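What follows is one structure encoded as structure tokens, with my remarks underneath.
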Amino acid sequence: TPCQAALAGAIGLNLLLLYCVWRGPGGSPPPCRPPRGVPGVTVLLRDFEDFENDLVGTARSFSSLPVPVVVAAETAPYPPVPLPAGVRLLPLRPVADRPPPLARPELHVRTRHVALVPDGTRAVPGLLERMREALEGGDGRTRLVAAPVGPVPLRCLELRVDAREWTARYGPGTPGACRAAAGAPMVLLLRTRDLFALPFPLARPVPTSLFVQAALRGWGLRVMPAAFPASRRPPVSPHGRWKSEKLAESRRRRLMRDLGVKLEVLADGRERWHGCGKETARCFGTVHAGTPQYLLAGRWTPPCCLRALRETARHVTEALEAAGVRYWLEGGSLLGAARLGDIIPWDYDVDLGIYREDVGRCRWLAAAAAGEPVEDAEGFLWEKAAEGDFYRVHYSRSNRLHVDLWPFYPRDGVMTKDTWVGHPQDVEFPESFLRPRVPMPFAGFTAMAPNNPRAFLELKFGPGAIETPQYPNPAVKRLERD
């Protein structure tokens with residue numbers, strides 16, 4: 001029939017087109033697998049600036065080996081760079097009014113191995129092959145090989161990334177336990193399939209990105225003593241250096257956000273923070289059913305949030321003590337103090353009980369009780385909670401990490417209050433627990449607590465509360481399943 005004839009013709013045309021694409025423009029079919037010899041390594045240029053770069057010299061040096069050379073960038077460098085013949089430019093950022101870019105780099109790297117080469121590097125005949133041999137001749141745990149650029153040798157580092165705690169910790173490494181390297185620019189070589197199996201294969205800065213992602217997977221790193229020469233070029237101008245430093249800081253911050261790292265602890269003990277602060281919003285949104293979103297993602301409270309909670313708790317207790325307001329650690333905060341001397345690692349606020357009759361002694365509390373949020377001299381925001389008759393002290397106007405202040409009052413020897421939020425531990429208790437209150441280590445300072453913390457906590461949470469940690473709402477998420 002005419003319909004059958006049309007269908008047969010369409011199928012035949014598609015088969016013809018597929019055959020033409022398969023044979024390619026040279027008339028021969030592509031190899032079934034990437035070549036194993038030279039050029040067995042593709043050089044990928046990714047870490048460079050649009051301004052004052054040595055991209056042409058670096059590309060020309062490596063294309064002379066010869067090996068395939070690919071330049072990957074969000075957009076074409078500006079000012080325009082006259083790349084040597086045969087060097088391909090792969091734009092990574094799509095443009096709305098144009099077809100998708102050709103630059104899915106994994107489709108353009110046909111060799112088994114890829115070397116990520118920093119700007120200003122010069123090729124050494126045979127060194128890429130030696131790096132490849134070191135990778136393939138390893139014990140199987142080595143998945144990256146690094147070689148320095150310039151006369152300064154690389155320093156081996158240990159790197160432990162704790163995704164649950166949003167933290168990367170560096171330390172001195174040994175050749176047998178190397179997870180990162182520092183001290184000089186470096187060429188990094190790995191298998192192409194390993195590189196493009198990573199969620200962020202070409203994120204910058206490239207070494208940091210690869211080391212963190214490799215550490216999360218338990219990959220090993222081998223550092224080569226042989227070095228690539230660095231190019232001889234004029235020093236970068238002061239403005240160019242300033243611009244480069246700002247861009248590097250911005251890229252590192254964006255990288256850590258994408259990788260889920262809020263805190264880096266460097267080998268010398270210094271800390272780099274990448275999470276929330278006074279001028280930003282907190283790292284998580286509304287808490288539903290007592291379970292913040294990060295718990296559902298298998299993580300605990302971001303360290304920047306814990307730091308802000310500790311600062312807020314210290315500030316609030318100091319203000320209360322100075323004003324003569326009687327307070328004590330309540331609920332999960334007392335539980336954390338009894339268990340760890342700190343905030344529970346997955347908690348998202350701090351709870352303090354106060355005597356209701358003492359509210360007027362603190363001018364910030366008195367102002368909040370009058371219905372007007374008030375910011376104190378150190379930028380902490382005091383306000384009456386919208387949910388009921390209690391108070392909140394926020395880390396700042398922008399960052400709503402907070403300490404809750406629950407006003408209790410005695411009635412027939414029992415401490416009670418007017419607002420109950422439905423938590424199982426939200427119950428009345430004998431005033432004798434507060435006569436007297438006792439000091440207790442908490443979050444880096446000393447806070448006041450009930451005089452028998454264990455009995456107080458077991459009254460609120462049940463027997464064995466200190467020894468049996470659990471998430472706030474086990475019906476939603478249970479600790480033992482993490």
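Worth pointing out:
- Pairs of Cα atoms nearer than 8 Å and 6+ residues apart set the relative contact order; for the chain it is 10 percent.
- Length gained when the stretch Thr75-Ala6 is fully extended (0.36 nm per residue, less Cα-Cα span): 20.5 nm
- Annotation: the antiparallel percentage among DSSP beta bridges lying fully within the chain is about 65.
- In this calculation the C-beta distance from Glu271 to Ala297 is compared with R0 = 25 Å, giving a FRET efficiency of 0.60.
- Nitroxide proxy distance, nm - points 7 Å out along Cα→Cβ at Thr446 and Arg481: 4.3 nm
- Working from label points 7 Å from Cα in the Cα-to-Cβ sense, the Thr468 to Ala197 distance is 4.2 nm.
- Toward the positive end of the charge dipole of the range 133-205, with +1 on the Cβ of Lys and Arg and -1 on the Cβ of Asp and Glu, the farthest Cα among Thr142, Val152, Pro199 is that of Pro199.
- Ignoring the sites themselves, the chain has its longest run without GluC sites (Glu not before Pro) in a DSSP loop having at most 16 other Cβ atoms within 10 Å at 75-278.
- Carbon/sulfur fraction of accessible area - the chain, other protein chains in place, 1.4 Å, %: 56 percent
- Taken along the Cα-to-beta-carbon direction at a fixed 7 Å, the label points for Arg454 and Ala281 span 4.5 nm.
- Our Cα-only numbers for the range 298-481 put the radius of gyration and Dmax at 15.7, 46 Å.
- Long pairs among Lys262/Lys477; Lys384/Lys477; Lys262/Lys417; Lys246/Lys278; Lys243/Lys278, criterion Cα-Cα beyond 28 Å: Lys384/Lys477; Lys262/Lys417
- Per residue accessible area in Å² of the range 131-203, where ligands, DNA and RNA are left out and the probe is 1.4 Å: 45 Å²
- Net charge dipole size for the chain [Lys, Arg +1 and Asp, Glu -1 on Cβ; Debye, nearest 20]: 2380 debye
- Measuring between their Cα centroids, the range 378-400 and the range 404-482 lie 21 Å from each other.
- Helix 303-323 vs. the chain, principal-axis angle (Cα, 0 to 90°, nearest 10): 20 degrees
- Cα centroid separation, the range 55-75 to the range 314-338 (Å): 61 Å
- Sites matching trypsin sites (Lys or Arg not before Pro) across the range 112-150 that sit in DSSP coil, with at most 15 neighbouring C-beta atoms within 10 Å: Arg141
- Residue-normalised convex hull volume from the C-alpha trace of the chain: 246 Å³ per residue.
The values are calculated or read from the model by the stated rules, or taken from the named source; none is laboratory data. Since the structure is predicted, the reported quantities are computational estimates derived from the model, not experimental observations. Virtual Cβ from ideal backbone geometry, glycine too; neighbours counted across all protein chains shown. Heads up: the accessible areas ignore ligands, DNA and RNA and are worked out on the full protein's heavy atoms, side chains in. Shrake-Rupley method; radii C 1.70, N 1.55, O 1.52, S 1.80 Å.
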